[in-house]
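Only one structure is covered here, and it is reproduced in the block below.
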Amino acid sequence: MNTKTRIRKIGVIGFGVMGSGIAQAAAMSGFETIVRDVHIDFIEIGMQKIKNSLERLVQNYARTGGKKGISKETEASTLANLKTTLYLKELIETDIIIEAIVERQDEKAKLFDTLSKLGYSGLLVSNTSSISITKLGASFKYPERFMGMHFMNPVPLQKGVELIRGLSTSDDTYTAVSRLAKDMGKTVINAKDKAGFGINRMFIPFLNEAIKVVEEEILSPEDADKATICLGHKMGPIATADYIGLDTVLFICNILEEGLGSAYKAAPLLKRMVDAGYLGVKTGKGFYVYEEGKSINVNPDIRRFIK
Ligand SMILES: NC(=O)c1ccc[n+]([C@@H]2O[C@H](COP(=O)([O-])OP(=O)(O)OC[C@H]3O[C@@H](n4cnc5c(N)ncnc54)[C@H](O)[C@@H]3O)[C@@H](O)[C@H]2O)c1
């Protein structure tokens with residue numbers, strides 16, 4: 001692909017928390033979008049999440065007389081723009097691939113190597129929260145067409161997107177990706193390729209510290225959340241960590257510690273939660289217990305652990 005031409009067709013790899021949001025936002029902005037995950041169950045869950053989100057946006061549109069949300073027509077065109085697949089080769093003809101698989105360098109590198117071998121030659125961006133863009137780009141045959149495009153959760157509602165250039169990213173790639181961000185209605189935040197980039201360098205230590213405050217029994221999980229809501233935050237740090245995914249939070253803590261030193265070390269309780277498989281909203285249990293994505297109470301194991 002000539003990187004100066006406009007992007008029309010978008011591939012998304014990974015249909016989890018972020019991939020589903022990115023695919024929805026791309027399709028809502030009018031892009032032909034094809035998403036790939038490795039198992040049919042993940043595809044069904046991802047599609048259902050998108051349908052539920054669109055339904056809520058349509059209700060919001062009706063409630064606000066069209067000031068917020070989306071119309072029925074946009075809902076229909078978004079769904080018409082979306083395709084799913086289990087096969088990577090169906091993404092080869094896209095203009096850009098947005099990678100949103102698990103936060104593991106080895107998995108991402110393996111995927112980029114496979115894309116190179118399949119002959120993919122379009123733009124490739126990673127939604128990584130923390131892994132070095134220069135390092136990841138080295139696994140793609142065309143590192144000049146690679147960069148970081150870090151969306152925020154939930155993607156259809158959050159305006160910001162952090163753009164990170166690797167050492168080899170070309171100007172054409174940066175121009176095309178920042179234009180795509182704007183075409184998706186996003187506000188661009190440019191960050192350097194350093195541990196945690198800009199946003200997570202500031203934000204993840206805050207979540208990690210809140211988990212330490214709970215672990216040291218200074219505040220209960222509910223009070224830790226209440227305290228920052230009183231400061232004007234929309235969601236408290238413990239609920240936010242559950243929402244992001246505790247495995248992802250732990251991974252980013254580890255990257256920050258590796259790059260910046262032991263002050264960034266993950267809270268022992270965070271490690272234990274991940275060891276127990278309590279990953280937050282996506283597994284139905286984290287610091288809180290969830291039913292249909294809504295928290296119902298504090299995880300009883302946490303109460304026992306910190307007693
Ligand atoms: N969760 C957040 O709030 C957040 C915010 C910004 C960025 N991120 C980043 O986005 C990426 C995805 O995070 P997530 O929270 O959506 O993870 P997730 O665990 O919810 O989803 C990952 C999905 O990728 C799929 N997958 C794994 N390997 C695959 C492959 N080779 N091909 C296709 N699909 C594959 C998994 O089956 C799963 O459905 C990570 O790099 C993460 O750091 C997450």
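Tabulated data
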| quantity | calculated |
| --- | --- |
| Accessible carbon and sulfur surface of region 9-191 relative to its total accessible area, %, 1.4 Å | 52 percent |
| Extension gain (nm, one decimal) between LYS212 and TYR87, 0.36 nm per residue minus Cα-Cα | 40.8 nm |
| Potential lengthening between LYS265 and GLU292 on full extension [0.36 nm per residue; Cα-Cα distance subtracted] | 6.5 nm |
| Reachable aspartates and glutamates from LYS49, criterion Cα separation under 20 angstrom, eight or more residues apart if same chain | GLU32, ASP37, ASP41, GLU73, GLU75, GLU99, ASP242, GLU291, GLU292 |
| List ILE218, ILE199, ILE34, ordered by accessible area with a 1.4 Å probe, largest first | ILE218, ILE199, ILE34 |
| Loop chymotrypsin sites (Phe, Trp or Tyr not before Pro), region 59-132, which have at most 16 other Cβ atoms in a 10 Å radius of their Cβ (DSSP) | TYR87 |
| Carbon plus sulfur fraction of accessible area for region 229-273, probe 1.4 Å, in percent | 58 percent |
| Distant-in-sequence amide H partners of ILE97 (H built 1.01 Å from N, under 5 Å) | GLY11, LEU123, LEU124, VAL125 |
| In sequence order, calculated HN-Hα J values of region 230-240 (Karplus, 6.51, -1.76, 1.60; Hz; x Gly/Pro) | 4, 7, x, 6, 6, 9, x, x, 6, 5, 5 |
| Approximate spin-label separation ALA62-LYS117, in nm, with each point projected 7 Å along Cα-to-Cβ | 5.0 nm |
| Nearest 10 degrees, 0 to 90: helix 72-81 Cα axis against the chain principal axis | 70 degrees |
| Charge sum, other residues only, whose C-beta stays under 11 Å from ALA191's C-beta, Lys/Arg counted +1 and Asp/Glu -1 | +2 |
| Cβ-Cβ FRET estimate between ASN190 and ASN52, R0 fixed at 35 Å, reported to 0.05 | 0.60 |
| Degrees, to the nearest 10: 40-63 long Cα axis against longest axis of the chain | 80 degrees |
| Average Cα contact separation per residue, the chain, under 8 Å, 6 or more apart, as relative contact order % | 14 percent |
| Degrees between helix 171-183 axis and first principal axis of the chain (Cα, 0 to 90, nearest 10) | 70 degrees |
| Dipole magnitude of region 30-124 about its Cα centre (Cβ charges: Lys, Arg +1; Asp, Glu -1), debye to nearest 20 | 440 debye |
| Beta bridges by DSSP in the chain, antiparallel share as percent, to the nearest 5 | 30 percent |
| Label-to-label distance, nm, for residues given as ARG104 and HIS39 (7 Å Cα→Cβ offset) | 1.3 nm |
| Residue among ILE296, ILE97, ILE13 with the largest mean-square fluctuation in a Gaussian network model of the chain, springs linking Cα atoms under 10 Å | ILE296 |
| Cβ-Cβ FRET estimate between GLU144 and THR175, R0 fixed at 22 Å, reported to 0.05 | 0.95 |
| Lysines with Cα under 16 Å of LYS265, excluding same-chain neighbours fewer than 8 positions away | LYS212 |
| Partner lysines for LYS285 [C-alpha distance under 17 Å; skip if fewer than 8 residues away on the same chain] | LYS271, LYS294 |
| Surface accessible to a 1.4 Å probe, LEU118 within the full protein complex, Å² | 80 Å² |
| Per residue accessible area in Å² of the chain, where ligands, DNA and RNA are left out and the probe is 1.4 Å | 49 Å² |
| Listed pairs LYS72/LYS182; LYS110/LYS159; LYS9/LYS110 exceeding 26 Å between Cα atoms | LYS110/LYS159 |
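The values are calculated or read from the model by the stated rules, or taken from the named source; none is laboratory data. Note that the structure is a prediction, hence the values are computed from the model and not measured. Cβ coordinates were reconstructed from backbone atoms using ideal geometry, including for glycine residues, and neighbour counts include every protein chain displayed. Please note that ligands, DNA and RNA were not included when accessible areas were found on the heavy atoms of the full protein model with its side chains. Shrake-Rupley method; radii C 1.70, N 1.55, O 1.52, S 1.80 Å.
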